[in-house]
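See below for the structure under consideration.
The values are calculated or read from the model by the stated rules, or taken from the named source; none is laboratory data. What you are looking at is a predicted structure, and each value in this text was computed from that prediction instead of being measured. In this analysis, Cβ positions are derived from the backbone assuming ideal geometry, glycine residues included, and neighbour counts consider all displayed protein chains. Only protein heavy atoms, including side chains, enter the accessible area calculation; ligands, DNA and RNA are left aside. Shrake-Rupley method; radii C 1.70, N 1.55, O 1.52, S 1.80 Å.
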Amino acid sequence: MLEKYSTRRHFFILFSIFVFFLFAFYNCAEDNSEDRLMRTTYAEDADNYLPKIYAITPTYARPEQKAELTRLSHVFRLVPNLFWIIVEDSNISTPLVEHLLRRAGLARRSITLHVKTPDAYIPSKKAPYWSQSRGVKQRNLGLSWLRNCTDSEERGIVYFMDDDNTYSVELFGEISKTRPGRVAVWPVGLVGTLMAERPILNINRTKVIGFNAVWRRDRSFPIDMAAFAISKDLLFLHPEAKFSYDVELGFQETEFLKQLTTRQELQPLATRSRDVLVWHTRTEKTKLTGEESLRKVGQRSDQDLEV
């Protein structure tokens, strides 16, 4: 009788231990599901090798600047292979950007540069948004830094990541798939007066044969700055490639890409152009009429604050 009781007791203990470890394993698997998703998203080969993505972000001082850069910093913290090249439209580096990078823990994964846009090219308040020339000198300085300060043999990818757009973390898993010697392209949401601009592919969905852009379809590359990434080796093969003020309005992307590739050589990504993973959003200009009233009496709402 005692032996039978002892056997049942041992069986119950062993079964309890089994259930405990099974439950613990399930919880661990559930907790790490996001990590597994990230690894799956970014795994490119058997060794999970991640090419470094150099994101060049032109930025300039305005009331919304810190909010815009903070939103981007959250994306950077989730993507392990991103390196941030922030180029300020300024004669000096500003404490605001430096503080933001330190607080976000991104100081070692970033570089801050600065160059001022010539007064002749600063957009007029009366000019429509699409005629603005901001970012030309800043993007060129970022390209210059890449060519002079990184290894030409390193496998990397370059992306022009404006600070007012909205980016899905999944986009950077797709960017990581950009092949050497290629420019990759994908759809962009809320741009060009459309819900989405996208590459048009052939029947096998392997080649770009056109674009659905509305404005100036005669452009060689009628796409937004957020719609493409470049294998870094192309920038070393074409050291003369850069942006210019001497191009027709709206043709910055086209004239730059023409120096690097052809439409036939483009690599379609984002589930062969079926997914929208970036949106050309713009923050509404902040109304500061209350602030103007305070300043008339020598006061500020942001006294001793960095907003």
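Residue by residue, here is whether (1) free of Cβ contacts under 8 Å to residues at least 12 places away in the same chain; (2) not hydrophobic (A, V, I, L, M, F, W, C) holds:
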position	(1), (2)
269	no, no
276	no, no
283	no, yes
289	yes, yes
292	yes, yes
295	yes, yes
299	yes, yes
305	yes, no
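Within region 199-231, can you find the residues that are under 20 Å from the mean Cα position of the chain (by Cα), of a type in the set (Gly, Ala, Ser) and closer than 13 Å to residue 273 by Cα?
Residue satisfying the conditions is 227 alone.
Does region 233-253 hold any residues that are closer than 21 Å to residue 164 by Cβ and surrounded by 15 or more Cβ atoms within 10 Å (Cβ to Cβ), and which are they?
243, 251, 252, 253, listed by residue number.
All but one of (1) open to solvent by less than 20 Å² (accessible area, probe 1.4 Å); (2) farther than 12 Å from residue 198 by Cα; (3) in contact with an Asp or Glu (Cβ under 6 Å, 6 or more places away or on another chain) hold for residue 266; state the number of the condition that does not hold.
(3)
Scan region 75-92 and tell me whether some residue there is more than 16 Å from the chain's Cα centre (by Cα) and either outside any loop (DSSP other than H, G, I, E, B) or touching a residue at least 60 places away in the same chain (Cβ under 8 Å) (or both).
Narrowing region 75-92 to residues more than 16 Å from the chain's Cα centre (by Cα): 88-92.
Now restrict to residues that are either outside any loop (DSSP other than H, G, I, E, B) or touching a residue at least 60 places away in the same chain (Cβ under 8 Å) (or both): 88.
Looking for residues that are more than 16 Å from the chain's Cα centre (by Cα) and either outside any loop (DSSP other than H, G, I, E, B) or touching a residue at least 60 places away in the same chain (Cβ under 8 Å) (or both), one finds at least one in region 75-92, hence yes.
Of everything in region 269-307 that's surrounded by 11 or more Cβ atoms within 10 Å (Cβ to Cβ) and of a type in the set (Gly, Ala, Ser), which residue is modelled with the highest pLDDT?
Once the filter is applied, the top-ranked residue is 270.
Would you list the strands (runs of 3 or more DSSP E) that sit entirely within region 161-208 and hold 1 or more residues that are open to solvent by 10 Å² or more (accessible area, probe 1.4 Å)? Break it down into steps so the answer makes sense when it comes.
Values: elements: 183-185, 188-191, 194-197, 199-201.
It comes to 188-191, 194-197, 199-201.
Do the conditions hold for residue 165, that is, is it within 21 Å of the chain's Cα centre (by Cα), within 17 Å of residue 60 (Cβ to Cβ) and polar (S, T, N, Q)? Full working, then the answer.
Numbers: within 21 Å of the chain's Cα centre (by Cα): yes; within 17 Å of residue 60 (Cβ to Cβ): yes; polar (S, T, N, Q): yes.
The answer is yes for residue 165.
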